[in-house]
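Novice: Before anything else, here's the structure in question.
The values are calculated or read from the model by the stated rules, or taken from the named source; none is laboratory data. Owing to the predicted nature of the structure, the values given are computational and were not obtained by experimental measurement. Heads up, the Cβs are rebuilt from the backbone with ideal geometry, glycines too, and the neighbour counts pull from every protein chain shown. Ligands, DNA and RNA are excluded from the accessible area calculation, which covers all protein heavy atoms including side chains. Shrake-Rupley method; radii C 1.70, N 1.55, O 1.52, S 1.80 Å.
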There are 2 protein chains.
Amino acid sequence: LNENQLIAWLSSRRGVSGIGDDCYVMPGSSEDLVFTTDMLVEGVHFRRSLTPSEVGHRALARGLSDIAAMLAEPRFCLLSIAVAPWCSDAWIRRFYDGLLKLAHQSNCPLSGGDLSHASEFVADISVVGAVPRGKAALRSGAKPGDFIYVSSPLGGNAASGYRRKPRPRLDLVKKLRGQVTACMDITDGLSLDLHRLCLASGVGADLDLIPVAPRAELHHALTGGEDYELLFTSWKSLHYHRIGRIVKAEPGTLRYQGRSLQATGYDHFKGRVRPGPSD
Amino acid sequence: LNENQLIAWLSSRRGVSGIGDDCYVMPGSSEDLVFTTDMLVEGVHFRRSLTPSEVGHRALARGLSDIAAMLAEPRFCLLSIAVAPWCSDAWIRRFYDGLLKLAHQSNCPLSGGDLSHASEFVADISVVGAVPRGKAALRSGAKPGDFIYVSSPLGGNAASGYRRKPRPRLDLVKKLRGQVTACMDITDGLSLDLHRLCLASGVGADLDLIPVAPRAELHHALTGGEDYELLFTSWKSLHYHRIGRIVKAEPGTLRYQGRSLQATGYDHFKGRVRPGPSD
């Protein structure tokens, strides 16, 4: 059972509604609200060599990146943490320092949560955002002929050993609103994330040029993950890195410079996977 | 650093707003939305002897109980889980079966979440509810002279070794709306939870009669926890179990049959604690 398979199984169940995008969208009268949750687990999403303040920053950044992916603006967040036996009071306070600094900068105050303990440190952030009515960018809107863009060269974080502080692209939210047909954030590697966007839109993608960050290689950009950049499609010519075009094809099929490209990246449920054609 | 101390420290920080109640309340134009997150950790909130379906039920029930405590109705939920190495695919499916059954019964569809892995199983549920504008019941509204009520005799779950399926009191939401000055759910033991309600309201409580569930003893009712019943105050005479009155006193002070009562119960952050007078 991998991440894609579990989500497919869940989608057909009674008691499930609206899953599969970066955020759930709740329609409102003047604006829509978007909701996301993201878990940060010791040893999976961070190592103890990271400073507590960086861990706190990262815990919130993951959620903010999902809000940016919907082209929404953050409103507030809730945080559940389970502290591990090794977490000192000072570590916990500095963890919150890092998280609250980003919360303040992003206009996303911490407004609730839960406290528990476990053998490893776990933080789960819930972020609520808002977007003008009907303007949330989904994964499912890409159309054949659309250009495919990324917001920056990719792979830099993977090439650095995942040491970089994630910077959610909230700065692009207003610039891209109304300009894109589909959008998501790149957290599990361009190839796996683009595969998911194409599946959601029922299309394929032909890639020609992939911008690679300084000191990174192509495989970092394609499968490294943790980029926290935006991947989006548009009928328009935009001033971002154009990497290819959406095509009519078996949903989820990727091609790079004329050859078939496997969707490989990080499956948070089971580790690194190469989804089969049935995913 | 215990739960109450951490919350007090957080409340004064920049980047924090609106913490301290069962849910965060977001004012809306026709209705207010309420938000809660609750973590369920293997070995802390459940043992592996529980069936996966019971674990799933419990994960959502904790959040629904917080929604009931605000006298709100659930709208949808998001779930983050970290699966442990021992979790088989069948266990995971049955966990969702239990959760989705309660989600369906409670009109609270699962609408998103996150998937990860850890050495223990961890589930964090976020539930969003709604309540008519200005009608959310807070912990902070109790006034001297108010009667104190509980929705049912207490201690039954503690006396059973915490084997009972929690039943969030969503059935009371409409009956109690407009009738109470303060409300919360009892999850950490009556004495600790009433202490928290009194602190939030700046009052004390004089208890005279505490209804004890069949096969339970007074200490189960006072400190056992996991009751998932409602604790509320009202200026009115209501047909629930009246346990005492709110009084003008040092905030958080409890008395039972004329004697001082220590607030003892479960602190989810550090295990069982007896908060000192400075909490």
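Novice: Where residues in segment A:144-201 are among the hydroxyl-bearing types (S, T, Y) and more than 16 Å from the chain's Cα centre (by Cα), which of them is nearest to A:D32 (Cα to Cα)? Lay out the reasoning, then the answer.
Specialist: Step one: list which residues in segment A:144-201 are among the hydroxyl-bearing types (S, T, Y), which gives A:149, A:151-152, A:160, A:162, A:181, A:187, A:191, A:201.
With the extra rule that they be more than 16 Å from the chain's Cα centre (by Cα), the set shrinks to A:160, A:181, A:201.
On the way: A:S160: 37, A:T181: 18, A:S201: 21 Å.
Per the stated criteria, the residue is A:T181.
Novice: Of the residues B:V173, B:V131, B:V180, only one is of a type in the set (A, V, I, L, M, F, W, C), surrounded by 20 or more Cβ atoms within 10 Å (Cβ to Cβ) and assigned to a loop (DSSP other than H, G, I, E, B); which?
Specialist: B:V180
Novice: Which of the residues belonging to segment A:7-22 are open to solvent by less than 60 Å² (accessible area, probe 1.4 Å), assigned to a loop (DSSP other than H, G, I, E, B) and at the interface with chain B (Cβ under 7 Å from one of its Cβ atoms)?
Specialist: Listed by number, the residues that qualify are A:G15, A:S17, A:G18, A:I19.
Novice: Is there a residue in segment B:47-68 that is open to solvent by less than 10 Å² (accessible area, probe 1.4 Å) and part of a strand (DSSP E or B)?
Specialist: no
Novice: Report the residue count in segment B:193-209 for those that are assigned to a loop (DSSP other than H, G, I, E, B) and surrounded by fewer than 20 Cβ atoms within 10 Å (Cβ to Cβ). Outline the logic, then answer.
Specialist: Keep residues of segment B:193-209 that are assigned to a loop (DSSP other than H, G, I, E, B), which gives B:202-203, B:208-209.
Restricting the remaining residues to those that are surrounded by fewer than 20 Cβ atoms within 10 Å (Cβ to Cβ) gives B:202, B:208-209.
Selection size over segment B:193-209: 3.
Novice: Residues in segment B:63-88 that are within 19 Å of B:Q105 (Cβ to Cβ) and either among the hydroxyl-bearing types (S, T, Y) or within 11 Å of chain A (Cβ to nearest Cβ) (or both): how many?
Specialist: Number of matching residues: 8.
Novice: Please go through segment B:29-50 and pick out each residue that is more than 7 Å from every other protein chain (Cβ to nearest Cβ), more than 21 Å from B:C183 (Cα to Cα) and in contact (Cβ under 8 Å) with a residue 12 or more places away in the chain.
Specialist: First, the residues of segment B:29-50 that are more than 7 Å from every other protein chain (Cβ to nearest Cβ): B:30-34, B:40, B:42-43, B:45-50.
Next, from what is left, pick out any that are more than 21 Å from B:C183 (Cα to Cα): B:30, B:40, B:42-43, B:45-50.
Within segment B:29-50, B:S30, B:L40, B:E42, B:G43, B:H45, B:F46, B:R48 qualify.
Novice: If you scan segment A:227-245, which residues turn out to be assigned to a strand (DSSP E or B) and not β-branched (V, I, T)?
Specialist: A:E229, A:L230, A:L231, A:F232, A:S234, A:H241, A:R242, A:G244, A:R245, listed by residue number.
Novice: Condition (residue is over 29 Å from A:G204 (Cα atoms) and out of contact with any strand residue (DSSP E or B) (no Cβ under 9 Å at 6 or more places or on another chain)) applied to segment A:148-161: is it met by at least one residue?
Specialist: yes
Novice: B:W91: more than 11 Å from chain A (Cβ to nearest Cβ) and without any contact (Cβ under 8 Å) to a residue 40 or more places away in the chain, yes or no?
Specialist: Working: more than 11 Å from chain A (Cβ to nearest Cβ): no; without any contact (Cβ under 8 Å) to a residue 40 or more places away in the chain: yes.
The answer is no for B:W91.
Novice: Just to check your reading of the model, which residue among A:L176, A:L99, A:L154 is more than 14 Å from chain B (Cβ to nearest Cβ), farther than 24 Å from A:Q257 by Cα and not small (G, A, S)?
Specialist: A:L176
Novice: When you go through (1) assigned to a strand (DSSP E or B); (2) crowded, with 23+ Cβ neighbours inside 10 Å one by one for B:A137, which number turns out not to apply?
Specialist: (1)
Novice: Now, a different point. Exactly one condition in (1) at pLDDT below 95; (2) buried (at least 20 other Cβ atoms within 10 Å of the Cβ); (3) closer than 30 Å to A:S201 by Cβ is false for A:S29; which is it?
Specialist: The number of the failed condition is (2).
Novice: Yes or no: segment A:33-46 includes at least one residue that is open to solvent by 20 Å² or more (accessible area, probe 1.4 Å) and part of a loop (DSSP other than H, G, I, E, B).
Specialist: For segment A:33-46, residues open to solvent by 20 Å² or more (accessible area, probe 1.4 Å) and part of a loop (DSSP other than H, G, I, E, B): present.
Novice: Just for segment A:102-121: of the residues that are part of a helix (DSSP H, G or I) and open to solvent by less than 40 Å² (accessible area, probe 1.4 Å), which one is farthest from the other protein chains (Cβ to nearest Cβ)?
Specialist: A:L102
Novice: Return yes or no: is B:R215 open to solvent by 40 Å² or more (accessible area, probe 1.4 Å), touching a residue at least 24 places away in the same chain (Cβ under 8 Å) and in a strand (DSSP E or B)? Write out each step before concluding.
Specialist: On the way: open to solvent by 40 Å² or more (accessible area, probe 1.4 Å): yes; touching a residue at least 24 places away in the same chain (Cβ under 8 Å): yes; in a strand (DSSP E or B): no.
Answer is no for this residue.
Novice: Another question about this same structure. Would segment B:70-89 turn up any residue that is β-branched (V, I, T), over 21 Å from the mean Cα position of the chain (by Cα), open to solvent by less than 10 Å² (accessible area, probe 1.4 Å) and farther than 26 Å from B:P27 by Cα?
Specialist: Yes, segment B:70-89 contains a residue that is β-branched (V, I, T), over 21 Å from the mean Cα position of the chain (by Cα), open to solvent by less than 10 Å² (accessible area, probe 1.4 Å) and farther than 26 Å from B:P27 by Cα.
Novice: I would also like to ask the following. Going through segment B:232-253 one residue at a time, which ones are surrounded by 15 or more Cβ atoms within 10 Å (Cβ to Cβ) and touching a helix residue (DSSP H, G or I) at 6+ places or on another chain (Cβ under 6 Å)?
Specialist: Listed by number, the list holds a single entry, B:G252.
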